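Notes follow once the structure below has been shown.
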Amino acid sequence: MPEVERKPKITASRKLLLKSLMLARAKECWDQELEEREAEKKRYLAERVPALQTRGLSLSALQDLCRDLHAKVEVVDEERYDIEAKCLHNTREVKDLKLKVLDLRGKFKRPPLRRVRVSADAMLRALLGSKHKVSMDLRANLKSVKKEDTEKERPVEVGDWRKNVEAMSGMEGRKKMFDAAKSPTTQ
């Protein structure tokens, strides 16, 4: 069954058109948000800072107005200074806490785990404690195998390998290999 190529659900031109429309809509939203911010700023300033009427005021009235404005400026500067001091204090505190966290991470770094060989006796001693004397010698139950017996069964022949290849080639060689494999089991 031949594989049918899947066509994309949206063509490239349609995708490009949608992308441009989305960007245009995002730009409109951005511009609208900037206008709203400017309007909010003007409204706030108009509410908080009334327009000064200096026409027709005497010299003493102007001096009183200046004193009031200077007093308000001092109050605002004090508030700004207090807020800056709090911000600096908080940033220093955050920095110190970050350093403490890094120090704690450095002190308690987990070592990479390695495979450890533990004998059965050592494992039982660790689990049961040193008071219990339990010996679990698993090797005693194993059957012993002598190496000499296995070496006698397989005599090693060292000879010219080319003779061996020539002798084993063809149907006669396969028969010899079959007979050789059969003979050690019949003994």
List residues of region 76-92, by number, whose backbone nitrogen lies under 18 Å from a label position 7 Å along Cα→C-beta of LEU102. 91-92
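Of all the Cα-Cα pairs you can form in region 59-106, what percent are over 17 Å apart? Could you put the intermediate results ahead of the total?
On the way: 666 of 1128 pairs.
For region 59-106, the fraction of Cα-Cα distances above 17 Å is 59 percent.
Please give the charge dipole size of region 59-106, origin at the Cα centre, charges +1 on K and R Cβ atoms and -1 on D and E Cβ atoms. Round to the nearest 20 debye. Before the final figure, lay out the partial values.
Values: 9 positive and 11 negative charges, 97 e Å.
I would put it at about 460 debye.
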How large is ³J(HN,Hα) for each residue in region 115-120, as worked out from phi by the Karplus curve 6.51 cos²θ - 1.76 cosθ + 1.60 (θ = phi - 60°), to whole Hz, x for Gly and Pro? 6, 10, 8, 10, 6, 5
Rg to Rh quotient for region 7-106, alpha carbon positions, Kirkwood Rh: 1.32
Heavy-atom accessible area per residue, region 46-105, 1.4 Å probe: how many Å²? 98
What are the ³J(HN,Hα) values, in whole Hz, obtained from phi via the Karplus relation 6.51 cos²θ - 1.76 cosθ + 1.60 with θ = phi - 60°, for each residue of region 21-30 in sequence order, with x given for Gly and Pro? 5, 5, 5, 5, 5, 5, 5, 4, 4, 4
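The values are calculated or read from the model by the stated rules, or taken from the named source; none is laboratory data. None of the values given here were measured: they were computed from a predicted structure. Quick reminder, even Gly has a Cβ in these numbers, built from the backbone with ideal geometry, and neighbours come from all protein chains shown. Side chains included, ligands, DNA and RNA excluded: accessible areas come from the protein's heavy atoms. Shrake-Rupley method; radii C 1.70, N 1.55, O 1.52, S 1.80 Å.
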